[in-house]
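Throughout, read-outs are computed from the coordinates displayed, never taken from laboratory work. Keep in mind it's a predicted model, so treat the numbers as computed, not measured. Please note: Cβ atoms are built from the backbone with ideal geometry, for glycine as well, and neighbour counts cover all protein chains shown.
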Amino acid sequence: MKYQLLLLSLSFSFSLAAQWEELALDAQQVQEVPCLSDPTQMVLKYDNWSFYQSQDDTWSGDRDTGNCPNLVEGANQRYHLDLSTIDSEKAIFLAYEGPAKELKQNFIYSLYSSFGPDQNVQVKYGDSCPNGMCSGLIIRTEHSDELSSDTLRCNTFYPYTRTNQCDIFPCFNTEKTDRNAVVSAIYKLSLEAPSNETARAGTVAFESFIPPTTIDQTSVSVPEQFYNGQSYDITLSNLFSGWGTYLLTHNVPGLPSETNQSFTELDVEEFKGEPTEININLEWDVLEFQKYSHFIGAQVEESEPERHIVNLLIKSDMCISIVELIGTGGTNFKMDGGNIDFSDKEACIQVRDNSAIYIEEGELVHMGRDGVGNVNLRSGGSIVIKKDAELVFGGRLILTPYRPYEGEEKIHVDLQGGGHLEFTSDAKILNNIFGDELFLYVYMNGGTIDLSKLSVEDQSKVILVYPENEISTSELKLFPNPAQDKVTLYNKNLLPISRVEVYNNQGQLIHTKSINQNGPTLELNIEGLPTGLYTLMTHYGTEQLLSRIVIE
């Protein structure tokens, strides 16, 4: 028996002051056209919309000419896609190919899309499908700048635009350009369905928010009345003549890009002589960013390289949809009651150059899911998990150098007392596109880590660093290193060694040997341990000495 895809009312629309324009799928829009693979065969299709499959299962790949997707009429003039006319092992694409839709500049739209399958139809979301792209919505846009005669073209993939299973509706920001247009909407559906089931599609819509307060200044001064003796504590409404919804715009000439970023500097009214923290409370306000547009603290003095510290206090769930929201030069993201979700597959938070993502004390934070979303840690950037806090990471962690940074290039996580870091089975740790082999150093300052769901390759990119004690490493030496079957400990000061513990790279205790010896050398049998990087904790007199060893 055939199984069918029931298309109820897939619409592509936007609202301007309660005015809606829709491109609905209904009986009046169905037309008969020749099949792409066999022009002698006629099939039904929707006006301005087309069904297709691609040879490589991607939306932009060469179209598969081996089949003829066809609609059949059902009850109440509803139409079904006859899935016997397509390859059921491949994704189905439904693309709007009608006139472009113009949107306002410097505006925020709420993107709503739903796909409501029947009970027994499984929809694949996340990053588990071929080419790393499961079901979702691809929005193609063009942004034209008349002054520079340049056009910015964007393809944005939203994997979570289905029926209200997620409370967050992705925000869709337009650019500062003279023309902002949506030129196409492509729905990708990867399904698993019994042959006797149907699946229902829903709607795609752009609905306008209340016009946002645009933040386009290059510099903003924070009034002294918000200084509490230690820091400045503000909301966006304290600084700008607006309320509720704010859009930080790209404030330099030219289109936004990695090489053309804009910064809004926050300065203080009265000179303090040293870096001062400016805390922006984001509990009630909606703050959105245009591409490559960021807050940064102003320089303490024009002649000084030091900058004031800007903390974005994220106290409610935040949905990131743009490429490269950057914390740099002391701008931090502090998670203090919310989670970070990534609505766009390529959405990214980047921290570098003395900036960090903080998981505040006692908070449980989820960041990324199903392999969707990117956190780019660059030189001088870090993640700090404070006391009794927990970070569950389900996206992609990308390790990248930042060449202008002049400090230590180590990229690290600080796990403080009672803190916990856990990677889900969908998480990945990647090296950057420049080919540098970088490692994630995790400082185990009383916290715990779970790497068990990561692949072996990803685990090898993580180095656990335990606190050093006051005993010089020259007092106790290990050789050979790397080792194979045995390792010898040279006990220079003849202090009694009571116990040696071996920890794997996940911080798990895998071997303990009790000893009562104070001779100059101690031989430890490591035969049978898999190759890899290990930590030896030697109980040495009244102290514990941590040493790293590679087993080949």
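The residues neighbouring Gln416, those whose beta-carbon lies less than 12 Å from its own, together hold a net charge of -3 under the Lys/Arg +1, Asp/Glu -1 convention.
Taking amide H as placed 1.01 Å from N in the peptide plane, Leu464 has its amide H under 5 Å from the amide H of Val442, each at least 5 places away in sequence or on another chain.
Taking the radius of gyration and the Kirkwood hydrodynamic radius from Cα positions alone, what is the Rg/Rh ratio for region 317-465, to two decimal places? The Rg/Rh ratio comes out at 0.92.
When you filter the chymotrypsin sites (Phe, Trp or Tyr not before Pro) in region 215-293 for DSSP loop state and at most 10 other Cβ atoms inside 10 Å of their Cβ, you are left with Phe271. Checking the Cα-Cα distances for Lys291/Lys386; Lys272/Lys387; Lys124/Lys453; Lys90/Lys124 against a 23 Å cut-off, the pairs over it are Lys291/Lys386; Lys272/Lys387. By the count of neighbouring beta-carbon atoms within 10 Å, fewest first, Thr214, Thr259 end up ordered Thr259, Thr214. Protection proxy ranking for 445-452, 46-53, using the average of other Cβ atoms within 10 Å per residue and placing the highest first: 46-53, 445-452. Each of Leu189, Leu81 was scored by other Cβ atoms within 10 Å of its Cβ. Listed from fewest to most, they are Leu189, Leu81.
Taking other residues whose beta carbon is less than 10 angstrom from the beta carbon of Leu397, and scoring Lys, Arg as +1 and Asp, Glu as -1, yields +2. Once both labels are positioned 7 Å from their Cα atoms along Cα-to-Cβ, the gap between Gln225 and Asn238 label points is 1.1 nm. Quick one: in region 43-110, what % of C-alpha pairs are over 13 Å apart? In whole percent, the long-distance tail amounts to 71.
Annotation: peptides 313-320, 453-460, ranked by per-residue average of other Cβ atoms within 10 Å with the highest first, follow the order 313-320, 453-460. Each residue of region 447-458 was assigned a 3J(HN,Hα) from its phi angle through the Karplus expression (A = 6.51, B = -1.76, C = 1.60, θ = phi - 60°), giving x, 10, 9, 10, 9, 5, 8, 6, 5, 4, 4, 5 Hz with x at Gly and Pro.
Per-residue Karplus couplings for region 372-385, computed as 6.51 cos²θ - 1.76 cosθ + 1.60 with θ equal to phi - 60°, are listed in order as 9, x, 10, 10, 9, 8, 10, 3, x, x, 7, 10, 10, 9 Hz, Gly and Pro entered as x.
Based on the Kirkwood approach, the hydrodynamic radius assigned to region 212-313 is 14.2 Å, with every pair of different Cα atoms included. Residues whose amide H comes within less than 5 Å of that of Ser113, counting only those at least five positions distant or on another chain, are Ala205 (H built at 1.01 Å from N in the peptide plane).
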